1. In the range 243-268, how many residues are closer than 24 Å to Q210 by Cβ, assigned to a loop (DSSP other than H, G, I, E, B) and out of contact with any Ser or Thr (no Cβ under 7 Å at 6 or more places or on another chain)?
2. Is one or more of the residues making up the range 67-88 surrounded by fewer than 17 Cβ atoms within 10 Å (Cβ to Cβ) and within 26 Å of P545 (Cα to Cα)?
3. Identify, by number, the condition in (1) crowded, with 24+ Cβ neighbours inside 10 Å; (2) touching a His at 6+ places or on another chain (Cβ under 7 Å); (3) not charged (D, E, K, R) that P275 doesn't meet.
4. Quick check: anything in the range 346-355 surrounded by fewer than 24 Cβ atoms within 10 Å (Cβ to Cβ), charged (D, E, K, R) and under 20 Å from Q210 (Cα atoms)?
5. Tell me whether the range 503-511 contains one or more residues that are away from the ligand (no atom under 13 Å from the Cβ), hydrophobic (A, V, I, L, M, F, W, C) and closer than 18 Å to E469 by Cβ.
6. Of all strands (runs of 3 or more DSSP E) completely enclosed by the range 20-135, which ones contain at least 2 residues that are of a type outside the set (A, V, I, L, M)?
7. Hey, can you tell me all the residues within the range 505-545 that are of a type in the set (A, V, I, L, M) and under 21 Å from the mean Cα position of the chain (by Cα)?
8. Looking at the range 1-50, which of its residues are touching a Cys at 6+ places or on another chain (Cβ under 7 Å) and of a type outside the set (G, A, S)?
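The values are calculated or read from the model by the stated rules, or taken from the named source; none is laboratory data. As the structure is a computational prediction, the values presented were derived from the model and not from experiment. FYI the Cβ positions are ideal-geometry reconstructions off the backbone, even for glycines, and counts take in every protein chain you see.
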Amino acid sequence: MDIEREILETDILIVGAGPAGLAAAYTIAKEAEKASIEMPEILLIDKGSYTGAHSLSGAVMDPKGISELIPDFKDKNCPLEAEVNKDSILYLSEKGSIKLPFTPPALKNHGNYVISLNKFTAWLGEQVEALGIDVYAGMAGYDLIVEEGKVSAVQTVDMGVDKEGNQRSNFEPGSLIKAKVTLLCEGVHGSLTRHAFEKLPELLENSLPQAYLTGVKEVWEIPEGRIKPGEVIHVMGYPQPQHEYGGGWVYGMADNLVSVGYTVGLNSPNPKNDPHLKFQMYKEHPEIKKILDGGTMRHYGAKTIPDNGYYSMPQLYHDGLMLCGDSAGFLDPSRLKGIHLAIKSGIMAGETVIDALQANDFSKDSLSGYKKRFDASWAKEELYKSRNFHGSFKSGLMMGMFYTGMQMMFGINLFNRRVNKRDHEYMLPIDEYRRAHGEEPPKPLLKFDNNYTFDKLSDVYKSGTMHEEEQPSHLQIADFDVCNTKCTEEYGNPCQHFCPAHVYEMVDNDANPGRQKLQLTPSNCVHCKTCDIADPYQVIRWVTPQGGEGPNYTNC
Ligand code: SF4
């Protein structure tokens, strides 16, 4: 049925009020003032219920981006937990640990700040609103409209639809937002960005596949004196096997809070790869336990991280379109840092918008100024330097450290270690995995006590996640039969393992005794996007639920 939609027209549409989108809006307002041109109309929308609700990161921020955007950010009470004052790197075996005698340059954090990304984003939103730009939180983009090869509009999500897709009494059709240029700043693996790649495949013509990690994190309140605000510990090893990619962190925040987390590569061959379980096992290690034990877990969150850097960046612009921040892979994998690069991408896109406005030209040619700015920037220099980092770890941790060391010290890329497959293509069927690596995890599953180690549901509760139950599932499964037969037999339904929010569950199939079927609880979803990336059959598609739903992160 054709639905009549309200049409909103604006000069610039920015989708996503994270560091990139907010930096773009801020830059446009400031540069318009500098160039003495009329302030353009900007519509800045975000799917979270408030600015920063969906922002989650470790996080240690390099101030390079924010000091370029807002040089007096400290005077403007930017929420910084602490300046980094101590760095260390630990290698963990199952029971023991070794402290590395040196910190590689990429992991030196002096001059950087421990922050809560969601507090930082909320503050940046206030700076943008002070310039007269409203942030429309709770407005989720659903479809990217491409007409004659040009991005022309975004359709927002319909509200008030029941599980079967019927309109309820409170039905409100999504609007059609038409814009001269749309900036997709949705964060990692954005759903409109995915539309852009599908509808405009030339955007990915010269890019390697993206490689992702899933990061799982908790914020703990701990007894005073265990770790100082600004102390940064990076962790390699346990429980991640040598042949897989990932590692952990512990960051001292203000007020006896500590950010503790673990990242796991989604290019794992293991169909039982479970980032949440690995994180809980990591917390059981004596080195981590001595920091957290006796404390209280306050917040939980999970998110994917685009980790292949320079070679996986898409073309950054098209007719009527620019891609910024994590949506475009602006993340330095060697430092696992992207906030400063996201801000820089927003600045460069914002400056390009001003040129386009002055020329009244939003074509590909005109917007290529964004790429020219990038090529001349410190962001390109940084990303190019770490271009081989993720690929270097293809043969495991030790070889990865060797290749990376050679690259960093002598600029030598010994072999072609590039990522050439999508993450899900690395997953092995259960039998093959057992033959190659043995059963995984090697030990019986942890018994979660929900005091120190938490099951997924107890953790999700601490993420503040809310979704209205009565709406179509925002996890679209193209073929349940594949899940209930082929995937069960070959892979053992990896979705029930890799999802860090217990959305996917295999339950008894009453209609087919002795068999199980996939059951979904979309209301638990923390919007991490792992399932859309890691599903071996690619039958799961994550689409935006009603606006204003999902996690409600605080202090994350
Ligand atoms: Fe993440 Fe998908 Fe689970 Fe949602 S359903 S929490 S996006 S893995």
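1. First, pick out the residues of the range 243-268 that are closer than 24 Å to Q210 by Cβ: 243-249, 261-268.
If we keep only those that are assigned to a loop (DSSP other than H, G, I, E, B) too, we end up with 243-245, 266-268.
Right, trim to out of contact with any Ser or Thr (no Cβ under 7 Å at 6 or more places or on another chain) and you get 243, 245, 267-268.
Going through the range 243-268 one residue at a time, the tally reaches 4.
2. No - not one qualifying residue is present in the range 67-88.
3. All conditions pass for P275, except number (2).
4. No, that holds for no residue.
5. Restricting attention to the range 503-511, the residues satisfying the condition of being away from the ligand (no atom under 13 Å from the Cβ) are 506-511.
Add one more test, that the residue is hydrophobic (A, V, I, L, M, F, W, C), and what stays is 506-507, 511.
Next, from what is left, pick out any that are closer than 18 Å to E469 by Cβ: 507.
Looking for residues that are away from the ligand (no atom under 13 Å from the Cβ), hydrophobic (A, V, I, L, M, F, W, C) and closer than 18 Å to E469 by Cβ, one finds at least one in the range 503-511, hence yes.
6. Details: elements: 42-46, 86-92, 97-99.
Fully inside the range 20-135 and qualifying: 86-92, 97-99.
7. The first filter runs over the range 505-545 and keeps only residues of a type in the set (A, V, I, L, M), leaving 506-507, 511, 518, 520, 526, 533-534, 539-540, 543.
Those that are of a type in the set (A, V, I, L, M) and under 21 Å from the mean Cα position of the chain (by Cα): V526, I533, A534, V539, I540, V543.
8. First pass over the range 1-50, keeping only residues touching a Cys at 6+ places or on another chain (Cβ under 7 Å): 14-16, 18, 20-21, 24.
Result: I14, V15.
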